[in-house]
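Read-outs: derived from the displayed coordinates by stated rules, not from any lab. Quick caveat: nothing in here was measured; it's all calculated off a predicted structure. Here the Cβ positions follow ideal geometry from the backbone for every residue, glycine too, while neighbour counts run over all protein chains shown.
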Amino acid sequence: MSGSVYNLHNHTPFSDGAYTVDELVEAHLDLHLDIDGIGMSDTLFRTPSSREVSNERDFERVFAGETSAYLAETRAAAERHAGSIRVFCGCEISWPLNKNMLEPMRRMVSGFDYVLFENVDWNGLTTLASQSRRWPCPIGLSHTAVNVHFPNTSQDQVVRTMANARIFYEVNSIHVPLLESDRWFNVLPQHRVMVAIGTDTHDDLHCLSEIAPMLEFVRRKGLTDRMLEPRPRGDAVAAE
Ligand SMILES: [Zn+2]
């Protein structure tokens with residue numbers, strides 16, 4: 001619980017983003033919003049279609065190198081900008097593409113600050129919930145429209161599942177304009193679900209202009225003290 005302001009959803013050329021960490025830092029500072037930190041959430045573990053990976057050992061062999069290179073690169077950037085803004089190392093993982101490789105992925109993201117899962121269905125959420133505390137860092141759902149992604153599950157059940165498993169929810173700029181009447185954003189504040197703000201920055205920095213309205217909305221909903229503090233789980237446990 002930080003109350004700090006972070007934008008945790010940015011892609012860089014490491015995956016499919018157009019702007020480097022340095023450029024993203026500058027663009028966020030130019031907003032003059034007192035943003036405390038930004039997170040890199042490059043898409044990792046994209047199975048090359050030319051060589052489908054069928055077992056965990058191959059999966060780890062294919063992806064371990066790039067995963068640790070990404071972590072090292074992002075940590076180096078964090079050091080360069082330590083005086084002005086915090087830079088976190090997260091990643092985004094496609095649930096449908098990688099749901100059978102959870103164990104090797106958990107090993108490989110050791111040292112990361114957070115993980116975002118995208119396109120998670122109800123089966124996926126219950127699977128993640130059953131093992132969320134075994135991940136080395138907080139895990140959350142990126143740009144999820146709860147009524148669309150979980151059409152057959154009540155929002156109360158979704159929010160309770162997320163709260164119990166400590167799976168965080170990302171308020172994403174694709175949800176802007178955020179509506180007062182949206183039932184999910186009235187259910188969410190009633191449960192202890194941590195919240196992140198994300199713009200899913202790829203090749204257009206205009207999305208950063210949505211940070212201010214998202215922050216305003218999150219504050220209005222009383223979620224300010226629910227903002228996720230991204231960090232490897234070991235630290236989080238020690239601090240509790
Ligand atoms: Zn993304």
Notebook entry, point to check: So what J values fall out for the stretch 27-33 if you push phi through Karplus, 6.51 cos²θ - 1.76 cosθ + 1.60 with θ = phi - 60°, rounded to Hz, Gly and Pro as x?
Noted result: 4, 6, 5, 5, 6, 6, 10
Next item on the list: Mind listing the long-range amide H neighbours of E170? Cut-off is under 5 Å, sequence gap 5 or more, other chains count too, H placed in the peptide plane at 1.01 Å from N.
Entry: L141, H143, T144, A196
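Rg/Rh for the chain to two decimals, with Rh computed the Kirkwood way over all alpha-carbon pairs.
Details: Rg = 17.0 Å, Rh = 18.1 Å.
Across the chain, the Cα-based Rg/Rh ratio is 0.94.
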Next item on the list: Treating only the Cβ atoms of Lys and Arg (+1) and Asp and Glu (-1) as charged, compute the dipole magnitude of the chain about its Cα centre; round to the nearest 20 debye.
Entry: 1040
Notebook entry, point to check: Which Cα, out of M227, H202, A18, lies furthest along the positive dipole direction of the chain (beta carbon charges, K/R +1, D/E -1)?
Noted result: M227
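Classify the stretch 44-130 from the C-alpha gyration tensor, please: rounded if a/c falls under 1.5, else prolate or oblate depending on whether a/b exceeds b/c. Don't skip to the answer; put the middle values down first.
Values: a/c = 2.50, a/b = 1.50, b/c = 1.67.
It comes out oblate by the Cα gyration axes.
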Next item on the list: For a label point 7 Å from the Cα of A145 along Cα→C-beta, name the residues of the stretch 178-214 whose backbone N is under 15 Å from it.
Entry: 178-179, 182-185
Note to self: Can you classify the stretch 100-220 as rounded, prolate or oblate using the Cα gyration tensor, where a ≥ b ≥ c are the square roots of its eigenvalues, rounded means a/c under 1.5, and otherwise it's prolate if a/b beats b/c and oblate if not?
What the structure shows: oblate
Margin query: For a quick check, take a GNM of the chain with Cα springs below 10 Å and name the residue from H11, H32, H206 with the largest mean-square fluctuation.
Written below: H32
